[in-house]
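Visitor: This is the structure I have questions about; it appears just below.
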Amino acid sequence: MALLLIEGFEGFGTSAGSAPSPTDVVGRRYSVSAENYMRIASGRTGGYALDFNRYTCYLESEPLTTDDTLIWGAAFKRETTDQVAIVAFYDGSQRGMNLQVAASASEISVYRDATLIDTSTGAGIGTNSWDYIEFKVLCDNTAGTYEVRVNGVNVCSGTGTDTQAGSNAYHDRVRLAPSDTSGVHPTWDDMYVCDSTGSVNNDFLGNHKVVRINPDGDDTTGFGTSTPSANHYENVDETICDDDTSYVEESTNTNKDIWTYGSVASLGTIAGLVVRTMAKETDATDFELITIVESNGTEYDDSGQAMSSSYTEFTRLEEQDPDTNSAWTMAAINAANFGVKVKT
C-alpha cells in the first residue's frame, strides 16, 4: 500500500492550550520528546491540532517504508517569525531531507541534514495562518529528486541531487520538531504520509483534512465485561481515552465486540481511513488484538497485533473498502461498523 499514515491530532485532548491527556497519550502512538510541553490547539477546519511550545519537543513516526520515495503533507502554522522546522525525514536515527523556514523569512529552505540544498520562491509562509505544505523526496546519492508544494503550488524542486544523508537510499520515518529556538509555537494538523508503491495514493494527495468519528451504538456484544455501562459502545466512545475508568474486556478466543459509528458529512475524495484502538492485557496470557472492519455486512479481520500490559494504541489503515477493493465512499463509511476480536 502507498498510504502509510493518517493523522488529524484528534483524541489527544479537547481543551485548547492544555497538555495532551492522559499524560502519555501521544507517546502511545509515536516516539516523542517533551510531551508535557505539547499543547492541544484549535484545528484548521474544526476539531483539534497539535502545537509545540518548547524546542525540545518532537514527534516521530514508527518506521513506515523502505521505498526510495517518501511523500508528506500537513497543514502548518507558526506564531512568530523565528526560525522553525516544518518536517524532517529520517533514515533510522540519521536526519535526512528536511524543511525549515528561516528567521524573519517567508520562504521554505530545503536541507539534507544540515546542508542547505535549495530555497523556495513564492512560498509566502506567514504567521498565524494555515498553509498546506507537501514534500516529496526520492532518496539517492546522485539521482535524487525533491519537490515542495504550498497550497498545491510547486514552490521549490530539483533533480539530479544528493538527497541521501544516511546509509540507506530511503527515508523510513518522519519527525515533527520545532527548531533549536524556543517560543516558536509551530502547529500541525491534517497530516498524511505516502510512498510510491501501490496503484493509489502513491504521489501528492493535495490538501486533505482528517475527520474523526466515534462509536455511537452496539452491533455485536461478545465481550463479557462492560463497565460501567451495560451498553458496550458507551465504554469506548470517549474522545479522550480514560483508561481504566470505562472499558470492555474479554479473554475467550474469537469473541468480539463490533460497534456502529457516527456519520461523516460532505467529504470529497477519500484517501483512506484508520481505525484506532487503545488496549492492554490484564493477565499473564499472551493475547493479540484483531481489528475488524465490517463493510456491506461482511467482516474483514486483520492478522492481529501483539498486546502488552500497558495501554498501547493499535491501528489499522485501509486505503480501500475491502468489500469493493475500490476507494471508500461516504455512503460506505457511514454504513460500516468497526470493532475488535480476541486472538489467543
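The values are calculated or read from the model by the stated rules, or taken from the named source; none is laboratory data. For clarity, every value in this text was computed on a predicted model and none was experimentally measured. Reconstructed Cβ throughout: ideal geometry from the backbone, glycine too, with neighbour counts over all protein chains shown.
Visitor: State whether the residues of the range 89-98 include one that is more than 25 Å from ASP67 (Cβ to Cβ), surrounded by 19 or more Cβ atoms within 10 Å (Cβ to Cβ) and assigned by TED's automatic domain parsing to the domain that holds THR65.
Guide: To start, the set of residues in the range 89-98 that are more than 25 Å from ASP67 (Cβ to Cβ) comprises none.
Scanning the range 89-98, I find no residue that is more than 25 Å from ASP67 (Cβ to Cβ), surrounded by 19 or more Cβ atoms within 10 Å (Cβ to Cβ) and assigned by TED's automatic domain parsing to the domain that holds THR65, so the answer is no.
The rows are residues; the columns are (1) without any contact (Cβ under 8 Å) to a residue 40 or more places away in the chain; (2) among the basic types (Lys, Arg).
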| residue | (1), (2) |
| --- | --- |
| GLY158 | no, no |
| ARG175 | no, yes |
| MET191 | no, no |
| GLY224 | yes, no |
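Visitor: Related question: Could you check GLY206 against (1) surrounded by fewer than 19 Cβ atoms within 10 Å (Cβ to Cβ); (2) over 17 Å from the mean Cα position of the chain (by Cα); (3) within 29 Å of CYS57 (Cα to Cα) and say which number it fails?
Guide: Here GLY206 meets the rest and fails (2).
Visitor: Regarding the range 110-122, can at least one residue be identified that is under 21 Å from the mean Cα position of the chain (by Cα), crowded, with 21+ Cβ neighbours inside 10 Å and farther than 27 Å from SER33 by Cβ?
Guide: no
Visitor: Looking only at the range 211-220, decide whether some residue is more than 20 Å from GLY268 (Cα to Cα) and free of Cβ contacts under 8 Å to residues at least 40 places away in the same chain.
Guide: No; the residues of the range 211-220 include none that is more than 20 Å from GLY268 (Cα to Cα) and free of Cβ contacts under 8 Å to residues at least 40 places away in the same chain.
Visitor: Same structure, new question: Between a residue in the range 94-123 that is without any contact (Cβ under 8 Å) to a residue 60 or more places away in the chain and among the small types (Gly, Ala, Ser) and any residue that is in a strand (DSSP E or B) and loosely packed, with under 14 Cβ neighbours inside 10 Å, which pairs come within a Cβ distance under 7 Å, given they are 6 or more apart or on different chains?
Guide: SER109/LEU116
Visitor: Which ranges mark the strands (runs of 3 or more DSSP E) fully within the range 1-82 that have 1 or more residues being closer than 15 Å to THR187 by Cα and in contact (Cβ under 8 Å) with a residue 40 or more places away in the chain? If you could, list the steps in order and put the result at the bottom.
Guide: Numbers: elements: 3-7, 31-33, 38-42, 48-52, 58-60, 69-77.
Strands (runs of 3 or more DSSP E) meeting the threshold: 3-7, 38-42, 48-52, 58-60, 69-77.
Visitor: Out of curiosity, is ASP219 surrounded by fewer than 21 Cβ atoms within 10 Å (Cβ to Cβ), part of a strand (DSSP E or B), of a type outside the set (A, V, I, L, M) and out of contact with any Lys or Arg (no Cβ under 7 Å at 6 or more places or on another chain)?
Guide: Working: surrounded by fewer than 21 Cβ atoms within 10 Å (Cβ to Cβ): yes; part of a strand (DSSP E or B): yes; of a type outside the set (A, V, I, L, M): yes; out of contact with any Lys or Arg (no Cβ under 7 Å at 6 or more places or on another chain): yes.
Against the criterion (surrounded by fewer than 21 Cβ atoms within 10 Å (Cβ to Cβ), part of a strand (DSSP E or B), of a type outside the set (A, V, I, L, M) and out of contact with any Lys or Arg (no Cβ under 7 Å at 6 or more places or on another chain)), ASP219 qualifies.
Visitor: Here's a follow-up. Kindly indicate whether THR245 is among the polar types (S, T, N, Q) and either in contact with a strand residue (DSSP E or B) (Cβ under 6 Å, 6 or more places away or on another chain) or surrounded by 16 or more Cβ atoms within 10 Å (Cβ to Cβ) (or both).
Guide: No; evaluated as a whole, the condition is false for this residue.
Visitor: Got a number for residues in the range 137-185 being in a loop (DSSP other than H, G, I, E, B) and either among the charged types (D, E, K, R) or at pLDDT below 95 (or both)?
Guide: 12
Visitor: Can you tell me how many residues within the range 282-306 are closer than 18 Å to TYR247 by Cα and modelled with pLDDT under 95?
Guide: As a first pass, look at the range 282-306 and keep what is closer than 18 Å to TYR247 by Cα: 282-283, 287-292.
Now drop any that are not modelled with pLDDT under 95, which leaves 282-283, 287.
Final tally of qualifying residues: 3.
Visitor: Before we move on, is ASP195 on the phi < 0 side of the Ramachandran plot, in contact with a Lys or Arg (Cβ under 7 Å, 6 or more places away or on another chain) and acidic (Asp, Glu)?
Guide: Taking the combined requirement at face value, the residue does not satisfy it.
Visitor: Could you list, in sequence order, all residues of the range 267-319 that are of a type in the set (Ser, Thr, Tyr) and in a strand (DSSP E or B)? Write out each step before concluding.
Guide: Here is the first cut: in the range 267-319, the residues of a type in the set (Ser, Thr, Tyr) are 269, 277, 282, 285, 291, 295, 298, 300, 303, 308-312, 315.
Hits for the range 267-319 are THR277, THR291, SER295, THR298, TYR300, THR312, THR315.
Visitor: So is THR277 closer than 15 Å to GLU318 by Cβ and without any contact (Cβ under 8 Å) to a residue 60 or more places away in the chain or not?
Guide: Against the criterion (closer than 15 Å to GLU318 by Cβ and without any contact (Cβ under 8 Å) to a residue 60 or more places away in the chain), THR277 does not qualify.
Visitor: All but one of (1) surrounded by fewer than 18 Cβ atoms within 10 Å (Cβ to Cβ); (2) farther than 30 Å from GLU35 by Cα hold for SER104; state the number of the condition that does not hold.
Guide: (2)
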